[in-house]
Amino acid sequence: MKSMLNHLRDVYAPKRLVITMLLVSTVILSAAFVAGQMTGNAAAIPQTFNLGGTWKGQMSGSGSVLRTYPIKVDSTLNGTINGDNSAGSWVGHCRANYELTSIGEKDIGLGEVKGTYTMSVDKSGAITGEVTAKTSDVLVGELKLKLQGTVSESGSFKGTCSGTLTAITFGYGGTPVSADINLPVSGEFEGIAEVAGSTSTPTSTLAPTTSSPTLPAPGSQPTQTGDQYMMYVILTTVAAVAVVGFYIVRSKRTAQK
């Protein structure tokens with residue numbers, strides 16, 4: 001009897017080792033699959049989304065008019081942003097307080113800003129971009145800005161803008177005259193981001209907000225939850241155990257025969 005038990009142990013020991021290895025491998029592979037799926041979903045690129053908001057800034061500097069008259073300018077800028085997370089319009093207004101220092105004349109001039117922005121948003125929601133715009137009326141020239149910011153999980157975006165306004169014409173009393181004026185610009189922008197195709201109207205957070213943002217968290221999309229993936233692991237493990245049990249029962253019956 002003892003020799004028969006030893007014989008059965010020798011017969012079943014290798015099979016049990018193989019079956020155990022099969023079970024462990026199945027569980028490991030299932031867990032690796034789930035981890036890969038969840039990591040892949042977390043790194044998904046966001047959908048294209050619309051942007052609607054406002055921007056504002058300040059610029060101060062000096063230059064000359066008609067190459068003869070020194071001028072100091074202290075201005076404010078403000079406007080709106082409309083587009084998506086790749087490009088759109090950047091328009092607004094300029095209010096310039098200026099002083100012709102050599103003759104002691106001070107006045108205020110108004111102008112327009114019309115241009116576009118280009119933008120990119122990475123998987124973490126970080127914003128980088130550029131603005132190129134033309135200015136008219138009181139200061140005729142080119143505005144160039146660099147954008148840096150973020151899109152939050154709630155769907156709002158905000159950031160800073162910095163650059164230079166280079167004016168080659170000055171509107172003196174409504175008459176354009178040649179000028180050489182460089183004004184450093186600094187400011188900020190913010191607003192609401194919405195998934196492309198949404199019927200609601202984007203609303204800037206610089207104004208009273210009545211609509212709720214609908215942008216999903218940057219870098220993620222609606223996907224399977226962790227509980228669902230865990231269910232996959234459980235079902236796979238149960239299936240593996242069932243297969244192992246079947247082979248054990250089958251081996252015992254074969255040995256008994």
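The values are calculated or read from the model by the stated rules, or taken from the named source; none is laboratory data. This is a predicted model, so every value here is computed, not measured. All Cβ positions, glycine included, derive from the backbone under ideal geometry; neighbour counts span all protein chains shown. Surface accessibility is based on the protein's heavy atoms, side chains included, excluding ligands, DNA and RNA. Shrake-Rupley method; radii C 1.70, N 1.55, O 1.52, S 1.80 Å.
Modelled this way, with points 7 Å down the Cα-to-C-beta line, the labels at ILE103 and LYS158 are 4.5 nm from one another.
Excluding same-chain neighbours fewer than eight residues apart, the aspartates and glutamates reachable from LYS146 by a Cα-Cα span under 12 Å are GLU130, GLU188. Placing VAL195, VAL138 in order of accessible area, with the largest value first and a 1.4 Å probe, yields VAL195, VAL138. Students often get this wrong: which residues of segment 125-139 have the backbone nitrogen under 20 Å from the point 7 angstrom along Cα-to-C-beta of ALA87? Output list for this probe position: 127-135. Short-range pairs are left out: with C-alpha atoms under 8 Å and at least six residues apart, the relative contact order of segment 83-204 is 17 percent.
As an exercise, use a Förster radius of 22 Å and the Cβ-Cβ distance of LYS56 and GLU142 to find the FRET efficiency, rounded to the nearest 0.05. It would help to have the intermediate numbers written out before the result.
Details: r = 19 Å, r/R0 = 0.87.
The pair LYS56/GLU142 has a calculated efficiency of 0.70.
Roughly speaking, to the nearest percent, how much of segment 84-174's 1.4 Å accessible area is carbon and sulfur? Write down the numbers at each step before the final one.
Numbers: 2310 of 4450 Å².
Looking at segment 84-174 in its full context, I get 52 percent from C and S.
Where only protein heavy atoms count, and the probe is 1.4 Å, what is the accessible area per residue for segment 101-150 in Å²? Could you put the intermediate results ahead of the total?
Numbers: 2660 Å² over 50 residues.
Roughly 53 Å² per residue, with all protein chains present.
Here the Karplus relation 6.51 cos²θ - 1.76 cosθ + 1.60, evaluated at θ = phi - 60°, turns the backbone of segment 102-108 into coupling constants of 6, 10, x, 9, 10, 6, 10 Hz, with x for every Gly and Pro.
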